[in-house]
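A short worksheet on the structure shown next.
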């Protein structure tokens with residue numbers, strides 16, 4: 001087992017960023033160098049000067065996120081992390097580990113287990129929202145989810161849907177009408193949620209119209225808890 005704690009860092013626009021090629025995580029890069037090894041990405045999102053002192057002063061309070069493709073080794077990995085004085089939080093596969101790299105939402109941050117779990121969920125929002133296009137979004141909606149369309153009434157759509165079933169049924173109708181979303185990106189990430197930017201294509205009598213969508217998304221228990229969605233309703237009339 002190889003635990004990768006290092007970071008390939010550069011600076012872009014005054015902020016720390018990964019020095020690797022776009023789309024390649026540090027964990028993936030190391031796994032390519034060590035084929036056959038159990039590669040674990042962990043500890044990389046906590047500042048060096050805090051890594052030892054915080055675990056010693058308050059063991060079990062702060063959390064370490066880890067990523068690996070070796071899911072069968074998770075219990076062993078989590079024991080190693082727990083033995084260092086940190087609470088382990090699974091961040092996903094090595095392909096999903098950008099959150100732990102320079103420029104990622106968790107870098108460089110010291111967070112509790114609950115906070116880090118929330119941030120991991122936020123990091124997955126693009127792939128979760130992408131499920132709209134395949135009709136599988138219901139699987140990632142909280143039972144008490146609220147989906148708010150402040151400008152919905154201008155095109156005859158209710159301004160709010162509440163509950164997983166009501167939200168899923170509405171979004172399924174929208175998807176069946178031919179609407180598709182793409183280029184989903186998050187910003188201003190926090191353990192509670194993020195601002196999500198996306199592009200949407202809407203079928204209209206004039207043809208397909210493209211419009212930007214800005215959503216404020218909150219997460220709850222590892223799922224989507226609320227979405228406030230804003231888009232140019234005038235463009236699709």
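A straight chain from residue 127 to residue 9 at 0.36 nm per residue would run longer than the Cα-Cα distance by 39.9 nm. Inter-label distance, residue 157 to residue 177: 0.6 nm, where each label sits 7 Å from its Cα along the C-beta direction.
Given R₀ = 22 Å, FRET efficiency for residue 2-residue 47 by Cβ-Cβ distance, to 0.05?
0.50
Its relative contact order, with pairs defined as Cα atoms under 8 Å and 6+ residues apart, puts the stretch 66-172 at 17 percent. Here is the size of the stretch 144-187 from its Cα atoms: Rg then Dmax, 11.6, 30 Å. Highest mean packing first, where packing is the average number of other Cβ atoms within 10 Å per residue, the peptides 97-104, 65-72 line up as 97-104, 65-72.
The C-alpha atoms of the chain define a longest principal axis, and helix 48-57 lies at about 80 degrees to it. Taking 0.36 nm per residue of sequence separation and removing the Cα-Cα distance, the residue 32/residue 232 pair yields an extension gain of 67.6 nm. The length gained by stretching the chain between residue 195 and residue 138 to full extension, at 0.36 nm per residue less their Cα-Cα distance, is 18.5 nm. The value of relative contact order for the chain, using C-alpha pairs under 8 Å at least six residues apart, is 15 percent.
Using just its DSSP H runs of length 4 or more, each adding -39500 (n - 2.57), the chain gives a mean residue ellipticity at 222 nm of -7000 deg cm²/dmol after division by all residues. The C-alpha atoms of the chain define a longest principal axis, and helix 74-83 lies at about 60 degrees to it. In the set (1) 37, 19, 16; (2) 25, 23, 18; (3) 34, 23, 14, which value of semi-axes √(5λ) of the Cα gyration tensor in Å was calculated from the structure you see? Derived directly from the coordinates: (1). Between 21, 13, 127, the GNM of the chain built on Cα springs shorter than 10 angstrom shows 13 fluctuating the most. Within the listed set 173, 117, 131, the residue fluctuating most in the Gaussian network model of the chain (springs between alpha-carbon atoms under 10 angstrom) is 173.
Distance between the 7 Å Cα→Cβ label points at residue 208 and residue 95: 2.4 nm.
A simple spin-label model places pseudo-atoms 7 Å from Cα toward Cβ; at residue 165 and residue 58 they are separated by 4.3 nm. Going from the fewest other Cβ atoms within 10 Å to the most, the residues 15, 109 appear in the order 15, 109.
Explain nothing, just the number: relative contact order of the stretch 126-236, from Cα pairs under 8 Å at least 6 residues apart, as a whole percent.
Normalised by residue count, the contact order of the stretch 126-236 is 26 percent.
FRET efficiency for the pair residue 83 and residue 185, taken as 1/(1 + (r/R0)^6) with r the Cβ-Cβ distance and R0 = 30 Å, rounds to 0.20.
The numbers here are math on the coordinates, done by the rules we state, and not lab data. This structure is a prediction, so every number in the text was calculated from the model and none was measured. Reconstructed Cβ throughout: ideal geometry from the backbone, glycine too, with neighbour counts over all protein chains shown.
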